[in-house]
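The values are calculated or read from the model by the stated rules, or taken from the named source; none is laboratory data. Every value quoted in this text rests on a predicted model; they were computed, and no experiment measured them. Note that each Cβ is placed from the backbone with ideal geometry, even for glycine, and that neighbours are counted across all protein chains shown. Areas reflect the complete protein model, heavy atoms only, side chains present, ligands, DNA and RNA absent. Shrake-Rupley method; radii C 1.70, N 1.55, O 1.52, S 1.80 Å.
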Amino acid sequence: MTLYGIPPLLSLICFAFLAIVVLTRKKMTKVNTLFLLLCANGIFLHADILILFTVESREVALWSSRIDHVFAVYAIPLYIHFFHVYLNINRRKWLVATTYAGAFALMWFALTPLCIEKMNLYEFGYFGSGGRLYPVIGAGAAVASLYSLAIICLAIHREKNSVQKNKLKYICLLYTSPSP
């Protein structure tokens with residue numbers, strides 16, 4: 001493994017550790033379950049990146065990335081669903097259902113060139129060229145991120161309890177921090 005593989009390996013280990021912490025909880029709440037699913041999604045993503053940075057076969061890299069994107073499209077509804085449950089937002093169930101339906105539709109194209117067309121070899125390893133649907137996934141992820149950030153900021157503004165307000169500020173800080 002090269003030095004380029006260290007950041008995705010560390011991220012994979014962190015997501016796995018967080019998943020184990022959640023699994024050892026005595027009570028699996030809806031928030032814990034959604035967080036576990038987000039961790040699993042992160043594990044798949046960083047395992048894929050690790051494979052792309054270490055594998056020598058263009059074909060293996062392509063299929064690894066395509067298989068990962070079967071799951072990666074679900075990050076969009078999972079983030080929205082997680083923050084809705086965490087912030088106790090019940091009036092927008094249609095949004096959660098719509099994003100899951102969109103992810104389910106995109107999932108079927110993840111194994112085709114419409115999602116990831118081909119792999120290009122760089123100094124650090126392979127990296128895919130997005131197909132025609134890749135911008136749709138990127139736009140969905142951007143909108144989901146901005147929406148999640150907006151509802152967190154609104155919750156901070158509305159919160160009266162200082163302890164809960166600080167927790168929300170911490171979540172906002174973690175959410176906006178760059179990941180490794």
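If you take the residues in the range 141-164 that are farther than 18 Å from Phe82 by Cα and of a type outside the set (S, T, N, Q), which one is least open to solvent (accessible area, probe 1.4 Å)?
By that ranking, first place goes to Glu159.
Across the range 21-39, what is the total count of residues that are in a helix (DSSP H, G or I) and under 14 Å from Phe83 (Cα atoms)?
The total comes to 9.
Go through the range 33-60 and give me each residue that's open to solvent by 30 Å² or more (accessible area, probe 1.4 Å), farther than 23 Å from Thr112 by Cβ and in contact with a helix residue (DSSP H, G or I) (Cβ under 7 Å, 6 or more places away or on another chain).
Within the range 33-60, Phe35, Leu36, Leu37, Ala40, Ile43, Leu50, Phe53, Thr54 qualify.
So how many residues does the range 72-95 have that are outside any helix (DSSP H, G or I), under 21 Å from Ile171 (Cα atoms) and either within 20 Å of the chain's Cα centre (by Cα) or among the acidic types (Asp, Glu) (or both)?
Of the residues in that region, 2 qualify.
Considering only the range 117-172, state which residues are under 22 Å from Pro8 (Cβ atoms), free of Cβ contacts under 8 Å to residues at least 40 places away in the same chain and hydrophobic (A, V, I, L, M, F, W, C).
Ala142, the sole residue that qualifies.
Restricting the range 97-140 to residues that are of a type in the set (Ser, Thr, Tyr) and part of a strand (DSSP E or B), which is surrounded by the most Cβ atoms within 10 Å (Cβ to Cβ)?
Taking the candidates together, the pick is Tyr126.
Would you check if there is a residue in the range 8-24 being surrounded by fewer than 16 Cβ atoms within 10 Å (Cβ to Cβ) and in contact (Cβ under 8 Å) with a residue 60 or more places away in the chain?
Within the range 8-24, one or more residues are surrounded by fewer than 16 Cβ atoms within 10 Å (Cβ to Cβ) and in contact (Cβ under 8 Å) with a residue 60 or more places away in the chain.
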